[in-house]
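Here is the structure we will look at, set down as structure tokens.
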Amino acid sequence: MELCIIGSGYVGLVSGACFAEVGHHVVCVDNDKRKVEMLQAGKIPIYEPGLEDLVHRNVAAKRLRFTNSIEDGVDHSQVIFIAVPTPPQVDGSVDLTYIEQVAREIAGVLKKDAYRVVVDKSTVPVKTGEKVEATIKRYNRDADFDVVSNPEFLREGCAVPDLMNPDRIVIGSASNKATDLMKRLYEPFKAPILVTDINSAELIKHAANSFLSLKISYINAVASICEASGADVEMVADGIGMDKRIGRNFLNSGIGYGGSCFPKDVKAFISIARQLGTPFALLEEVERINAHQLNRFIDKIRDALWVLKDKKVAVWGMTFKPDTDDVRNSVAIDLINRLVSDGAHVTAYDPKGAEKAVDWKLVDPAKVRITKSPLEAVEGAEALILATEWKEFVNVDLAQVKAKMHTPLVFDGRNLFNPETMRELGFTYFSMGRPTVKP
Ligand code: UGA
């Protein structure tokens with residue numbers, strides 16, 4: 001089938017490449033000229049495992065191309081996806097300006113007698129589909145189209161496998177013709193398809209992300225109780241996670257959830273619920289617990305080092321999770337900045353995210369020394385703090401780490417290391433929701 005995707009961010013670009021991979025012809029549209037030129041030149045603006053190969057292969061096979069022109073995309077496609085950002089506003093509600101603008105632009109190029117399905121893939125508040133439909137009709141009375149909601153559930157860092165093998169595909173539609181086209185489009189993915197009304201599909205996305213955030217905050221609250229009682233949160237998570245009704249996924253305690261989705265979507269869901277007159281206090285508690293995690297972690301560091309001013313600390317990890325270069329709303333970045341404001345001398349290492357953290361001015365290179373390797377970061381350090389659980393850190397020779405450090409003190413914000421191994425190696429080792437070990 002012929003389709004176009006408006007917006008070449010994480011969701012748009014990865015979706016475009018995966019649709020092309022299963023045989024569809026895809027035009028990716030973006031209004032950022034520089035980004036389109038980069039993509040046309042074969043350069044990928046984001047790091048996502050497997051994406052580069054996928055893009056190159058499908059461009060070469062002439063199933064994937066990039067353009068600035070919405071008209072070009074819409075003219076050549078039966079299905080038009082909207083995958084533009086929906087950033088948060090100061091009050092937590094969602095800024096829908098880009099969606100509205102794209103709806104108007106689509107209206108401007110839709111032709112009479114050329115039926116199109118306009119699909120919203122961006123994360124939007126319930127009832128946005130109704131507004132997109134009304135907007136297109138207002139700006140083009142003759143347009144022949146249907147609006148569909150098709151939320152995306154991919155995770156950064158494993159976006160390609162998530163898209164190629166989704167748990168489910170949600171199609172929110174009020175038209176059989178549009179639903180049939182969407183089913184044909186997704187047929188090659190061999191995944192269960194759930195057809196709903198448009199409002200329910202939109203709500204599924206916010207409800208899913210909020211539930212996953214709730215799971216994380218739940219285990220983080222349990223971790224506090226474990227710390228206070230001497231229990232081990234990893235064992236507790238295993239024990240409750242073995243119950244199939246609960247499941248072990250997303251029960252990893254740490255310094256809190258971050259990224260461009262969970263913090264924003266929980267806030268948005270709280271705001272949507274409030275606007276609809278049905279406040280969602282449970283989610284406010286989820287946010288409170290999440291913010292508290294970093295405070296608890298910093299308290300542990302302060303307790304051990306007493307005064308942070310002029311202490312030399314190394315931080316491993318800057319991205320909001322491993323296998324991505326994304327540093328947006330990364331708790332690791334907040335942590336680094338809090339240490340700096342307490343006067344600590346921070347050296348930081350990240351396999352992929354350091355450049356963006358500096359370029360986007362999230363981290364001040366005059367105050368944080370960025371290193372090229374994890375070992376270089378720990379040179380002379382009085383503490384090592386692990387903020388993101390990159391696999392690379394598991395493979396670092398910890399005996400060498402200890403030899404390079406001034407004091408063998410490790411604060412593991414993601415429970416990456418085994419406490420017994422750390423004890424045997426001679427570290428004093430703090431983690432989340434587990435007893436502290438000393439040599
Ligand atoms: C999340 C959802 O998992 C995707 O299904 C969704 O499509 C996406 O948001 C989105 O709305 O676009 P993502 O933000 O890429 O995906 O990353 P996650 O793997 O969900 O991690 C989010 C945060 O939660 C990270 O900071 C991670 O460290 C943290 N986390 C995750 C925990 O602290 N504990 C866990 O057990 C799992």
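Brief remarks on what is shown
- DSSP beta bridge pairing in the chain, given as percent antiparallel to the nearest 5: 10
- Per-residue SASA remark: D142, around 90 Å² accessible (1.4 Å probe; ligands, DNA and RNA not included).
- Mean residue ellipticity (222 nm) of the chain, computed from DSSP H runs ≥ 4 via -39,500 (n - 2.57), nearest 500: -13500 deg cm²/dmol
- Leading residue at positive end of dipole, the stretch 2-196 (Cβ point charges), from P125, L96, Y115: Y115
- For the residue pairs K352/K404; K62/K183; K267/K372; K131/K190; K264/K402, the alpha carbons lie more than 27 Å apart in K267/K372; K131/K190; K264/K402.
- Subtracting the Cα-Cα distance of D359 and F250 from 0.36 nm times their residue separation leaves 36.2 nm of extension gain.
- Between the amide H of F81 and those of C4, I5, I6, V119, distances stay under 5 Å, these residues lying 5 or more places away or on another chain, with hydrogens modeled in the peptide plane.
- Note that the chain presents 45 Å² accessible area per residue, ligands and nucleic acids not counted, probe 1.4 Å.
- Residue ranking by accessible heavy-atom surface, 1.4 Å probe, largest first, among V11, V160 comes out as V11, V160.
- Among S229, S175, the sequence by solvent-accessible area, most first, with a 1.4 Å probe is S229, S175.
- When a 1.4 Å probe is rolled over the protein heavy atoms, the share of accessible surface on the chain that falls to carbon and sulfur comes to 53 percent.
- Computed accessible area, L214, all protein chains, 1.4 angstrom probe, square angstrom: 40
- Couplings 3J(HN,Hα) for the stretch 239-244, derived from phi with the Karplus relation 6.51 cos²θ - 1.76 cosθ + 1.60 (θ = phi - 60°), are x, 7, x, 6, 6, 4 Hz, where x marks Gly and Pro.
- Less than 5 angstrom separates the built amide H of V315 from those of T347, A348, Y349, I385, all sequence-distant by 5 or more or on a different chain.
- Farthest positive-ward along the chain dipole, Cα basis, beta-carbon charges - from F189, Y139, V22: Y139
- Relative to the Cα centre, the charge distribution of the stretch 198-439, modelled as +1 at Lys and Arg Cβ and -1 at Asp and Glu Cβ, gives a dipole magnitude of about 280 debye.
- Listed by chain and number, the aspartates and glutamates whose alpha-carbon sits under 18 Å from that of K300, ignoring those within fewer than 8 places in the same chain, are E227, D232, D310, D334, D342, E382, D412.
- Among the trypsin sites (Lys or Arg not before Pro) within the stretch 289-352, those in coil by DSSP and having at most 12 neighbouring Cβ atoms inside 10 Å are K309.
- Here the 3J(HN,Hα) profile of the stretch 288-298, calculated from phi with Karplus coefficients 6.51, -1.76 and 1.60 at θ = phi - 60°, is 4, 4, 4, 5, 5, 4, 5, 4, 4, 5, 5 Hz, Gly and Pro shown as x.
- Placing dummy labels 7 Å off each Cα toward the beta-carbon, the span from E284 to E71 is 5.1 nm.
The values are calculated or read from the model by the stated rules, or taken from the named source; none is laboratory data. Model, not experiment: these values are computed from the prediction. Glycine also receives a Cβ, built like all others from the backbone with ideal geometry; neighbour counts cover every protein chain displayed. SASA here: full protein model, heavy atoms, side chains in, ligands and nucleic acids out. Shrake-Rupley method; radii C 1.70, N 1.55, O 1.52, S 1.80 Å.
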